[in-house]
Amino acid sequence: MAFRNLNSADRGAVRTLTINRPEKLNALNRDTLNELKIAFEQARYDDSVRVVVLAGAGEKAFVAGADIAELNTLSPIEAQAFSRTGQALMRNIELLGKPVIARIQGFALGGGLELAMSCHLRIGSEKAKLGLPEITLGLLPGFGGTQRLLRLAGRSAALELCLLGQPVNAQRASELGLLTRMVSVESLDDEVSTLADQLASSAPHALAGILDAILIGGECSPIEGLDYESKAFALSCTSADMREGTSAFLERRKPVFTGK
């Protein structure tokens, strides 16, 4: 389907979704959230897609936050529905079962950082700025920011970023674990493409098992998490890709994974 606020392009097994509202610094309004929901559901059920890259149009921002003009008009009931919509989208991205890479070239603030944190890898340029400035609007993060930031960066950093509302630079974001990798502006696209291609050539069932073991098993007790991992490991051994990978290793050749 055609989107108004989102561009979709495929390169082999890599699908790039670009939020296309540069005049609004790619701010997330309800229409954009709904389009992202549809786009990620399409990627989930398209077997030709093995990796998703999420980007923002223009050079200034990945996503600068929620659309403040729209927020300003919401009633409390509408605000809760808006929050739930965003939270559901972020959780769907997190549990897509396929790796999602956030390409962060500028601002990732508020809902933009929450969106990035729902992605599995976050590659940012050295000019990236990340933060949760909702407190400066008399608000708090509503798309899961408090919870994901707590888990990614720890309580001290979560309190600092949420209570003070001040963005951090790419170096600090890397130290906190908000960025998986920080690269130069010039090498950002190459780094994202290289990682996406590496993931796209990996065994899809094994990738899905790793994501589930970490994201779902990691929310359980250690004993339950280990059991979850063991079952995922056993399930991966039923795949043709596992036979291909181990055979390729023994035969000293590069494996070709088919997703079967």
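None of the figures in this text is laboratory data; all of them are computed from the coordinates on show. None of the values given here were measured: they were computed from a predicted structure. With ideal geometry, Cβ positions are generated from the backbone for all residues, glycine too; neighbour counts draw on all protein chains shown.
Cβ under 15 Å from GLU175's Cβ, GLU175 left aside: what net charge do those residues give with Lys, Arg +1 and Asp, Glu -1? Don't skip to the end; give the middle numbers.
Values: positive: ARG122, LYS129, ARG172, ARG181; negative: GLU126, GLU160.
Net charge in that neighbourhood comes out at +2.
Relative to the longest principal axis of the Cα atoms of the chain, the long axis of helix 30-45 lies at roughly 0 degrees.
Kirkwood Rh and Cα-based Rg: tell me the resulting Rg over Rh for region 134-194, rounded to two decimals. Can you show the working numbers first?
Values: Rg = 13.5 Å, Rh = 12.9 Å.
So for region 134-194, dividing Rg by the Kirkwood Rh gives 1.05.
The aspartates and glutamates whose alpha-carbon is closer than 14 Å to the alpha-carbon of LYS60, local same-chain residues fewer than 8 away aside, are GLU23, GLU126. Distance between the modelled labels on LYS260 and ASP190, one decimal in nanometres: 3.7 nm (7 Å Cα→Cβ projection).
Full extension from LEU150 to GLU59: what is 0.36 nm times the residue separation minus their Cα-Cα distance, to one decimal in nm? Walk me through the numbers on the way to the answer.
Values: separation 91, 0.36 × 91 = 32.76 nm, distance 2.85 nm.
Here the segment from LEU150 to GLU59 would lengthen by 29.9 nm.
Note on LEU140, LEU28: ascending count of other Cβ atoms within 10 Å places them as LEU140, LEU28, the fewest first. Zone of LEU159 (label point 7 Å along Cα→Cβ, backbone N under 15 Å): which residues in region 115-153? What the label zone holds, given the 15 Å backbone N cut-off, is 150-151, 153. Local charge for SER221 was computed over the other residues whose Cβ lies under 14 Å away, with Lys and Arg +1 and Asp and Glu -1, and equals -4.
Taking 0.36 nm per residue of separation and subtracting the Cα-Cα distance, full extension of the segment from PHE233 to ALA69 would add 54.3 nm. Relative to the globular-protein estimate of 2.2 N^0.38 Å, the Cα radius of gyration of the chain stands at 1.03. How about region 1-87: which GluC sites (Glu not before Pro) there are in a DSSP loop, with at most 14 other Cβ atoms within 10 Å of their Cβ? Answer in residue order: GLU59.
So for the chain, averaging the separation of alpha carbon pairs under 8 Å that are six or more residues apart and normalising by length, what relative contact order in percent results?
Working: 459 pairs, mean separation 40.3, N = 260.
Here the relative contact order equals 15 percent.
In sequence order, region 13-20 has phi-based couplings of 8, 9, 10, 9, 10, 10, 5, 10 Hz under the Karplus curve 6.51 cos²θ - 1.76 cosθ + 1.60, θ = phi - 60°, and Gly or Pro positions carry x. Against the chain, whose longest principal axis is taken from its Cα atoms, helix 240-250 shows a tilt of about 70°. Summing charges over neighbours of ALA248, with a neighbour being any other residue whose Cβ is under 12 Å away from its Cβ, gives +1 when K and R count +1 and D and E count -1.
If you plug the beta carbon distance of GLU78 and ARG4 into 1/(1 + (r/R0)^6) with R0 = 25 Å, you get a FRET efficiency near 0.75.
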